[in-house]
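I have placed the structure first, in the form of structure tokens, so that the comments after it can refer back to it.
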Ligand SMILES: C[S@@+](CC[C@H](N)C(=O)[O-])C[C@H]1O[C@@H](n2cnc3c(N)ncnc32)[C@H](O)[C@@H]1O
């Protein structure tokens, strides 16, 4: 009988995620969080990323290429001649799509590797100035081992953009997953997908999955998305304390949340205790993490109440580029730190 690892691998060979057509590269670039170059520059490098020097990024579990293609395109457009984006994924089918997208864009700053991210030290060794790992660790038998493997390949000043499923954001998903696992787990994929369609069609409008505006994969009309959302063989989610515990197993500490305002305690409580120090400070805890001493980075993520923050420049560059939701142009501007 196939192990869970085998079945997860088979899923991503049969249904590369997300569904992408390389021909679409001719008329649009998929951009998002994490790993927009301006985000990396802002959150990881405090606005001081020097692209005149060599820059290496790893996209671990790169899927059909969204983050790797975006970052490689941003680096190429920024004239970063000595930059490289390494794509790593265990799915050969996903890699083929990602590679075709790179070819369609004429990107020459990418390298593609097939294999398990737990073996990154042997397959695609660092050090990396930045690592993207979006929507992957929660599918691993040991997210802790996966994160440790990635953290070990970060440069001393590097940072990691991490996305993990949030328990509350996925309200409604897990009861449906459980029902399908009980009813159709041993059937062929086509029948499991058909059952998922029938189950969704029969859900009452009051069901949390139907009322949750943050979850879209069952509305996209693509098997890869429906499978990933409701039929995955290994899928767990995190609340903030669980995420903090996961990070600490790899010697990482939070730098910022994306988007910070959603997690900032300030509207509720004007001051709070920073987890890393005794001083009262206003701070955003986060979904973007940096290597090195946890205390050091936890304190530099705090705003002016801490001495570390007072040493920061008084003005920092704000994000520029295109707004991901309305595609409006965002002008370069500077704001007070
Ligand atoms: C949900 S998809 C996310 C893809 C991409 N990061 C994105 O956000 O669009 C998860 C990806 O992780 C890959 N993956 C899962 N476990 C992996 C492992 N242990 N090593 C490498 N890749 C893995 C899968 O093949 C799949 O492409």
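In table form, for the structure just shown:
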| item | result |
| --- | --- |
| For the range 107-171, convex hull volume per residue from C-alpha positions, Å³ | 120 |
| Kirkwood-based shape ratio for the range 138-276, expressed as Rg/Rh from alpha carbons | 1.04 |
| Three semi-axes of the equivalent ellipsoid, the range 215-260, Cα gyration tensor, whole Å, largest first | 29, 14, 8 |
| Normalised contact order of the range 1-114, rounded percent, pairs of Cα under 8 Å and 6 or more residues apart | 32 |
| Computed FRET value (nearest 0.05) for residue 205 with residue 96, which takes r as the C-beta separation and R₀ as 41 Å | 0.55 |
| For the range 41-134, projected area of the alpha-carbon convex hull averaged over all directions, nm² | 5.7 |
| Over the range 173-231, equivalent-ellipsoid semi-axes from the Cα gyration tensor in Å | 18, 13, 10 |
| Relative exposure of 173, 240, judged by other C-beta atoms within 10 Å (fewest first) | 240, 173 |
| Extension gain from residue 14 to residue 266, taking 0.36 nm per residue of separation minus the Cα-Cα distance | 86.2 nm |
| The range 68-214 shape via C-alpha gyration tensor axes, a/c threshold 1.5 | prolate |
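Only the coordinates and a few stated rules stand behind these numbers; no lab work does. Predicted model, so just to flag it, every value in this text is computed and none were measured. Using ideal geometry, Cβ is built from the backbone for each residue, glycine included, and neighbour counts are taken over all protein chains shown.
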